[in-house]
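What follows is one structure encoded as structure tokens, with my remarks underneath.
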Amino acid sequence: MPDSLAPTVLSPDATAHLDDLAAFVAAAPSSYHAAEEVARRAEAAGFERLSEADAWPDPATGGRYVVVRDGAAIAWTVPAGATPTTPVTVLGTHTDSPGFKLKPRPTTGGHGWLQAGVEVYGGPLLNSWLDRELELAGRIAVRGDDGTVTEHLVRTGPMLRIPQLAIHLDRAVNDGLALDKQRHTQPVWGLATTGVPGAEPDADVVAALADAAGVAPGAVDGFDVVVADTQPPRRFGARGALFASGRLDNLLSTHAALAALLASADGDAASADGDAASADGDAPRVRMVAAFDHEELGSASRSGAAGPFLADVLDRVYAGLGATTEDRHRAFAASWCVSSDVGHAVHPNYPERHDPANHPVAGGGPILKLNANQRYASDATGSALWQSACRAAGVPSQAFVSNNAVPCGSTIGPITATRLGLRTVDVGAAILSMHSARELCAAVDPWYLSRAMRAALDVTPA
């Protein structure tokens, strides 16, 4: 990757953040890769990686920790001198993106083509996946000689393409493209005609995955593998003001939250060395990033926001601090969660689809998401806390609310608020082409969001 994505018109810090986001996306073609990249970066910053199967260290003396569960990761810092009632601030995001997932018995094809059987994952814009060089990425479960099962991350690099039907064979295609989710979304990945140069009539998708992971094909007993676009993130447009990438929903938020937490931890270390004043003064807090999987499917899994992962981690942290049930309730009453997911910037070609009075614009700073039907968890107090964080960070902010005739989606925010009782606010960065294979935002907005998140880690609810 080049030193910078484009000639710099942003501040050096904003440019560095965008370059780092591009590297994060490139390293995370699946939720499993994203969780591992969170852990890798945290470990490089001095965090201790924990296993859920082991006893955890005593957090009372402070520390930095990270734990991975499948495609989800939670990283946190405990201030020195934390007590059973020390509150927590959680930055919540998700690691998965809409697209396609590999089916069982995935090797298919016909008419001289090798194809891969895929299933629609979440709610992608199907047409955006056409005519792109795609890869397979995720994890495979491998059986050892002793019967044990180990997991391996895998990615193939450019391997597949979902070819569009030529206009000569569908003269009405520009009057409205209709794709059958089964018949029209199966990618090609090779030639199967015997005797044709380069053809591999006996090729197998699972064998290709095993080869990419460096394991024996016959040892693969299971896989969770998705399809990912291979085009690198790119900055472009007038004065380099735009940024396009796959999986901005929601790696943009995950990266911003992790960058905020690592900056917070660095600030605490400097304060401990006497090099800087404490950022949180007399109100130390447990600071945490919770990046969940399966948000695009409703979050109902062991690694999703509706599952027990965050509650499990918090239970163990507070048990280590000697907290009783009463202590945890007191701590949570002074805690809050910032749920961050991308949101809709006003589309210049479809302005009527947006609320007529609230027009979030690209480059206008983080959006505060509000919904009367609790599709977002923001309330008046949470909104005020977020506005306080934006002011402290010196970044602009704006509100998002749906057009009444165009119902909005939801996030991990209401789920987290319901599961734990934490005051929760829903925020994010405004983008176009949400759920496309390649989404679009203003180049400055990821940096704005991360700065606001960094400030939110030090905001103390009343």
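The values are calculated or read from the model by the stated rules, or taken from the named source; none is laboratory data. If you're wondering where the values come from, they're calculated on a predicted model, not measured in any experiment. Methodologically, a virtual Cβ is constructed for each residue, glycine included, from the backbone with ideal geometry; neighbour enumeration extends over all protein chains shown. Areas reflect the complete protein model, heavy atoms only, side chains present, ligands, DNA and RNA absent. Shrake-Rupley method; radii C 1.70, N 1.55, O 1.52, S 1.80 Å.
Of the set (1) open to solvent by 30 Å² or more (accessible area, probe 1.4 Å); (2) assigned to a loop (DSSP other than H, G, I, E, B); (3) touching a residue at least 24 places away in the same chain (Cβ under 8 Å); (4) over 30 Å from GLU439 (Cβ atoms), all apply to ASP221 but (2). Applying the selection to the stretch 12-21, what residues are open to solvent by 40 Å² or more (accessible area, probe 1.4 Å) and without any contact (Cβ under 8 Å) to a residue 12 or more places away in the chain? Selection gives PRO12, ALA16.
In a loop (DSSP other than H, G, I, E, B) and crowded, with 23+ Cβ neighbours inside 10 Å - does that describe any residue in the stretch 56-69? Taking every residue of the stretch 56-69 in turn, none turns out to be in a loop (DSSP other than H, G, I, E, B) and crowded, with 23+ Cβ neighbours inside 10 Å.
Looking at the stretch 338-365, which of its residues are among the hydrophobic types (A, V, I, L, M, F, W, C), surrounded by fewer than 18 Cβ atoms within 10 Å (Cβ to Cβ) and within 30 Å of ALA291 (Cα to Cα)?
Taking the stretch 338-365 first, the residues among the hydrophobic types (A, V, I, L, M, F, W, C) are 338, 342, 345-346, 357, 361-362.
Subset that is surrounded by fewer than 18 Cβ atoms within 10 Å (Cβ to Cβ): 357, 361.
VAL361 - this is the single residue of the stretch 338-365 that is among the hydrophobic types (A, V, I, L, M, F, W, C), surrounded by fewer than 18 Cβ atoms within 10 Å (Cβ to Cβ) and within 30 Å of ALA291 (Cα to Cα).
Within the stretch 233-259, the set of residues being assigned to a helix (DSSP H, G or I) and either of a type in the set (Lys, Arg) or under 17 Å from ILE412 (Cβ atoms) (or both) comprises ARG239, LEU248, ASP249, ASN250, LEU251, LEU252, SER253, THR254, HIS255, ALA256, ALA257, LEU258.
Only one residue in THR108, THR77, THR83, THR93 is of a type in the set (S, T, N, Q) and part of a loop (DSSP other than H, G, I, E, B). Which one?
Details: THR108 fails: part of a loop (DSSP other than H, G, I, E, B); THR77 fails: part of a loop (DSSP other than H, G, I, E, B); THR93 fails: part of a loop (DSSP other than H, G, I, E, B).
After ruling out the rest, the residue left standing is THR83.
Hey, can you tell me all the residues within the stretch 22-46 that are touching a helix residue (DSSP H, G or I) at 6+ places or on another chain (Cβ under 8 Å) and open to solvent by 10 Å² or more (accessible area, probe 1.4 Å)? If the condition is that a residue be touching a helix residue (DSSP H, G or I) at 6+ places or on another chain (Cβ under 8 Å) and open to solvent by 10 Å² or more (accessible area, probe 1.4 Å), then ALA27, GLU37, ARG41, ALA45, GLY46 are the ones that fit. Assess whether ALA75 counts as being of a type outside the set (Lys, Arg) and open to solvent by 40 Å² or more (accessible area, probe 1.4 Å). No: the conditions fail for ALA75. Taking the criterion of being in contact with a Gly (Cβ under 8 Å, 6 or more places away or on another chain) and of a type in the set (Ser, Thr, Tyr), the only residue of the stretch 156-195 that qualifies is THR193. Looking across THR193, THR150, one residue alone is modelled with pLDDT under 95 and in a strand (DSSP E or B). It is THR150. Do we find that LEU114 is open to solvent by less than 50 Å² (accessible area, probe 1.4 Å) and in a strand (DSSP E or B) in this structure? Spelling it out, LEU114 is indeed open to solvent by less than 50 Å² (accessible area, probe 1.4 Å) and in a strand (DSSP E or B).
In the set HIS347, HIS359, only one residue is modelled with pLDDT under 95 and over 27 Å from GLY71 (Cα atoms); that residue is HIS359. Sub-6 Å Cβ pairs linking a first residue in the stretch 163-179 that is closer than 24 Å to LEU134 by Cβ and touching a residue at least 12 places away in the same chain (Cβ under 8 Å) to a second residue that is assigned to a helix (DSSP H, G or I) and open to solvent by 70 Å² or more (accessible area, probe 1.4 Å), at least 6 apart or interchain, are LEU177/ASN127, ordered by first then second residue.
Across the stretch 289-309, the number of residues qualifying as crowded, with 23+ Cβ neighbours inside 10 Å and under 13 Å from GLU52 (Cβ atoms) comes to 2. Every residue in the stretch 432-455 that is open to solvent by 10 Å² or more (accessible area, probe 1.4 Å) and touching a Cys at 6+ places or on another chain (Cβ under 9 Å), please. If the condition is that a residue be open to solvent by 10 Å² or more (accessible area, probe 1.4 Å) and touching a Cys at 6+ places or on another chain (Cβ under 9 Å), then LEU432, TYR448, ARG451, ALA455 are the ones that fit. Scan the stretch 234-241 and give yes if some residue there is open to solvent by 30 Å² or more (accessible area, probe 1.4 Å), farther than 21 Å from GLY71 by Cα and in contact with a Gly (Cβ under 8 Å, 6 or more places away or on another chain), otherwise no. Yes, because at least one residue in the stretch 234-241 is open to solvent by 30 Å² or more (accessible area, probe 1.4 Å), farther than 21 Å from GLY71 by Cα and in contact with a Gly (Cβ under 8 Å, 6 or more places away or on another chain). Determine whether ALA389 is over 25 Å from LEU297 (Cβ atoms) and buried (at least 18 other Cβ atoms within 10 Å of the Cβ). It is true that ALA389 is over 25 Å from LEU297 (Cβ atoms) and buried (at least 18 other Cβ atoms within 10 Å of the Cβ). Tell me whether the stretch 417-432 contains one or more residues that are within 30 Å of THR85 (Cα to Cα), of a type in the set (Val, Ile, Thr) and in contact with a Gly (Cβ under 6 Å, 6 or more places away or on another chain). Yes, some residue in the stretch 417-432 is within 30 Å of THR85 (Cα to Cα), of a type in the set (Val, Ile, Thr) and in contact with a Gly (Cβ under 6 Å, 6 or more places away or on another chain). The numbered conditions (1) under 20 Å from the mean Cα position of the chain (by Cα); (2) in contact (Cβ under 8 Å) with a residue 24 or more places away in the chain; (3) assigned to a helix (DSSP H, G or I) are all true for GLU43 except (2).
Taking the conditions exactly as written (touching a Lys or Arg at 6+ places or on another chain (Cβ under 9 Å), at pLDDT 95 or above and either closer than 22 Å to ASN250 by Cα or of a type in the set (A, V, I, L, M, F, W, C) (or both)), does ALA23 satisfy them or not? Judged against the criteria, ALA23 is not a match. Applying the set (1) surrounded by fewer than 22 Cβ atoms within 10 Å (Cβ to Cβ); (2) closer than 18 Å to ASP96 by Cα; (3) touching a residue at least 40 places away in the same chain (Cβ under 8 Å); (4) not aromatic (Phe, Trp, Tyr) to GLY409 leaves exactly one unmet item: (3).
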